[in-house]
Amino acid sequence: MPLIKVQSSINNINDNQVQNLLTTLSAKLAKHLGKPESYVMTAFEQNINMTFAGTFEPVCYVEIKSIGTMSPTQTKAMSQDFCDEINQQLGVDSNRIYIEFADAKGAMWGWNGSTF
């Protein structure tokens, strides 16, 4: 059930760019967590009113949630990988990207009419 959700202040991203970014992030998240990609969900929201360091320069906020425990080694590697990918594909500087990592309990995540 891993989820990666990207919110960005950028407003001119075309559908092909979004699909490419989400496809890449999905595969990378599955690999980092050692989980089947068939359970990974991705989401992207653009044109969000956001500031960082008091400016309106391009910025991203990323949420990564997964059942289980992500280790500090995993989160550090994911932070590097996802910041690099977002920078490369969207042009947002890595120092203008925040990533929130959240471990979820299986009973607190629903799917297919039940919980994990």
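Assorted remarks:
- Near pairs, Cβ below 7 angstrom, 6+ apart or cross-chain, from the stretch 29-45 (within 20 Å of ASN16 (Cβ to Cβ) and surrounded by fewer than 18 Cβ atoms within 10 Å (Cβ to Cβ)) to any residue that is modelled with pLDDT of 95 or more and among the charged types (D, E, K, R): ALA43/LYS5
- Any chance THR73 is within 22 Å of MET1 (Cα to Cα), of a type in the set (Ser, Thr, Tyr) and touching a helix residue (DSSP H, G or I) at 6+ places or on another chain (Cβ under 9 Å): no
- If you go through the stretch 62-92 and keep only what is in contact with a strand residue (DSSP E or B) (Cβ under 9 Å, 6 or more places away or on another chain) and on the phi > 0 side of the Ramachandran plot, you end up with just GLY68.
- Conditions (1) over 11 Å from the mean Cα position of the chain (by Cα); (2) crowded, with 17+ Cβ neighbours inside 10 Å; (3) closer than 28 Å to PHE116 by Cα; (4) not small (Gly, Ala, Ser); number of the one not met by TYR61: (1)
- The condition (being of a type in the set (Gly, Ala, Ser), under 14 Å from MET1 (Cβ atoms) and assigned to a strand (DSSP E or B)) is satisfied by just one residue among SER66, SER38: SER66.
- Residues being under 17 Å from ILE99 (Cβ atoms) and assigned to a strand (DSSP E or B) - total across the stretch 41-55: 6
- Test: ALA53 is more than 19 Å from LYS28 (Cα to Cα) and among the aliphatic types (A, V, I, L, M): yes
- Looking across the stretch 2-28, the residues that are over 18 Å from THR75 (Cα atoms) and surrounded by 12 or more Cβ atoms within 10 Å (Cβ to Cβ) come down to GLN7, SER8, SER9, ILE10, ILE13, GLN17, VAL18, GLN19, ASN20, LEU21, LEU22, THR23.
- GLY68 vs. criteria surrounded by 14 or more Cβ atoms within 10 Å (Cβ to Cβ) and touching a residue at least 12 places away in the same chain (Cβ under 8 Å): yes
- Taking the conditions (1) of a type in the set (Lys, Arg); (2) part of a loop (DSSP other than H, G, I, E, B); (3) within 18 Å of ASN87 (Cβ to Cβ) in turn, LYS5 satisfies each one other than (2).
- Residue check for LEU90: crowded, with 17+ Cβ neighbours inside 10 Å and without any contact (Cβ under 8 Å) to a residue 60 or more places away in the chain: no
The values are calculated or read from the model by the stated rules, or taken from the named source; none is laboratory data. The structure displayed is predicted, hence computed values, not measured ones. Cβ sites come from the backbone with ideal geometry, for glycine too, and all protein chains shown count toward neighbours.
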